[in-house]
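J.: Before we start, here is the structure in question, set down as structure tokens.
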Amino acid sequence: MISDSSSKLKYQTVNTSRYMLLLLYAVVTIFPLLWTLSNSFRTNDQIFSKFAVIPESLTYFKNYEMIFATSIPLAFYNSLTITALSLLIMLVCAIPASYLLSQYKFRFAQTIYLFFVIGIIVPRLSILIAEFKNFQMFGFLGKQYPIALCYATFELSIALFLLVGFMQSIPPSIIESAKIDGANSFDVLIRIVMPVSRNGIVTVIILAFVSIWNEYAYAMVMIPNIKFRTLTILLASAKNEFFVEYGMMSAGVVVAVVPMIIVYGFLQDKIISGMVAGAVKG
């Protein structure tokens with residue numbers, strides 16, 4: 001009896017500690033967002049004079065009016081189109097390649113898979129100079145959309161790593177039955193493999209979206225043309241030498257974060273199940 005009570009107490013202590021750590025992590029994660037949202041409704045004088053998570057007045061929209069009077073809406077459009085194009089290129093390459101590597105046995109298949117996956121540990125900045133020279137050679141420097149090729153390539157490694165794990169879990173009998181019924185490889189990919197791997201594809205899209213949307217270094221170097229600047233670059237440059245409008249910058253950060261929150265909010269169940277299933281199946 002004493003042993004049971006001791007075990008129960010130990011379990012409750014561990015469980016409570018676990019939830020306290022999760023609560024602390026949630027507070028540390030959410031607090032900067034709330035503070036930034038609050039500052040987006042405040043003036044510089046209010047920000048420096050008083051610390052507040054709740055703004056003095058929710059009717060102060062001057063910072064957002066200032067944003068939409070600048071080139072930030074254009075930068076938002078640039079980020080959105082570049083991100084969408086990058087995701088499209090990445091998916092067009094990653095899905096067929098993952099299907100090939102997961103369902104077909106051929107010489108050097110494992111070597112090819114490892115070659116792609118090792119890209120996960122390669123720092124992107126380590127090849128920035130080489131990519132810059134390539135852009136110069138092909139005449140891509142300063143153009144708006146060629147940078148999508150870089151982004152799609154960067155995200156291809158993690159996409160293959162996750163999708164191959166998903167597609168390997170598909171029972172071979174399903175694919176064999178489809179082929180017996182007359183389906184070719186393209187039909188199997190579109191009608192069977194992709195629907196079954198839907199959670200994995202959504203997970204890849206979200207991870208790549210966040211990474212590309214927040215990218216700074218390559219956009220700064222490869223797109224010197226001001227009218228093609230992305231949102232991250234414009235927000236970073238939204239200050240002068242002697243003065244920073246922190247309220248306006250906070251409003252810009254809120255505008256930049258909102259798309260990620262919306263997308264994650266709608267797809268969070270598929271992301272969580274996709275990450276867990278991919279880890280187990282892979």
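J.: Which order do peptides 13-21, 79-87, 98-106, 113-121 fall in by mean Cβ count within 10 Å, highest first?
T.: The peptides rank, most packed first, as 79-87, 98-106, 113-121, 13-21.
J.: Ok, one more. Any idea what diffusion coefficient segment 101-259 gets from Stokes-Einstein, in µm²/s, Kirkwood Rh on alpha carbon pairs, 37 °C, 0.692 mPa s?
T.: 174
J.: What Rg and what Dmax come out for the chain when only alpha-carbon atoms are used, in angstroms?
T.: Radius of gyration, then largest Cα-Cα span, for the chain: 23.8, 78 Å.
J.: Is the shape of segment 1-123 best called rounded, prolate or oblate, per the rule: a/c under 1.5 gives rounded, else a/b larger than b/c gives prolate, else oblate, with a ≥ b ≥ c the square roots of the Cα gyration tensor eigenvalues?
T.: oblate
J.: Could I ask something else about it? For every helix of n ≥ 4 consecutive DSSP H residues, a contribution of -39,500 (n - 2.57) applies; sum these over the chain, divide by its total residues, and give [θ] at 222 nm rounded to the nearest 500 deg cm²/dmol.
T.: -23500 deg cm²/dmol
J.: Show me, for segment 218-224, the HN-Hα J-couplings you get by feeding each phi into the Karplus relation (A = 6.51, B = -1.76, C = 1.60, θ = phi - 60°), rounded to Hz, glycine and proline as x.
T.: Values, residue by residue: 5, 5, 5, 7, 7, 10, x Hz.
J.: Still on this model: Whole-Hz ³J(HN,Hα) for each residue in segment 201-216, computed from phi via Karplus 6.51 cos²θ - 1.76 cosθ + 1.60 with θ = phi - 60°, x for glycine and proline: what do you get?
T.: 3J(HN,Hα) across segment 201-216, in whole Hz: 5, 4, 4, 4, 4, 5, 4, 5, 4, 5, 5, 6, 4, 8, 5, 10.
J.: Rounded to the nearest 0.05, what FRET efficiency do VAL210 and THR111 have when you use their Cβ-Cβ distance and R0 = 41 Å?
T.: It comes to 0.85.
J.: Once the convex hull of the alpha carbons of segment 183-266 is built, what does its volume come to per residue, in cubic angstrom?
T.: Hull volume normalised by residue count: 129 Å³.
J.: Also: Just the Cα atoms of segment 6-55, one point each, no solvent: what log10 I(q)/I(0) does Debye give at q = 0.16, 0.22, 0.33 Å⁻¹?
T.: Cα-only, vacuum Debye calculation for segment 6-55: -0.58, -0.76, -1.09.
No lab work stands behind these numbers, since they all come straight from the coordinates. Keep in mind the model is a prediction, meaning the values are calculated, not measured. Note that we place each Cβ from the backbone using ideal geometry, even for glycine, and neighbour counts take in every protein chain shown.
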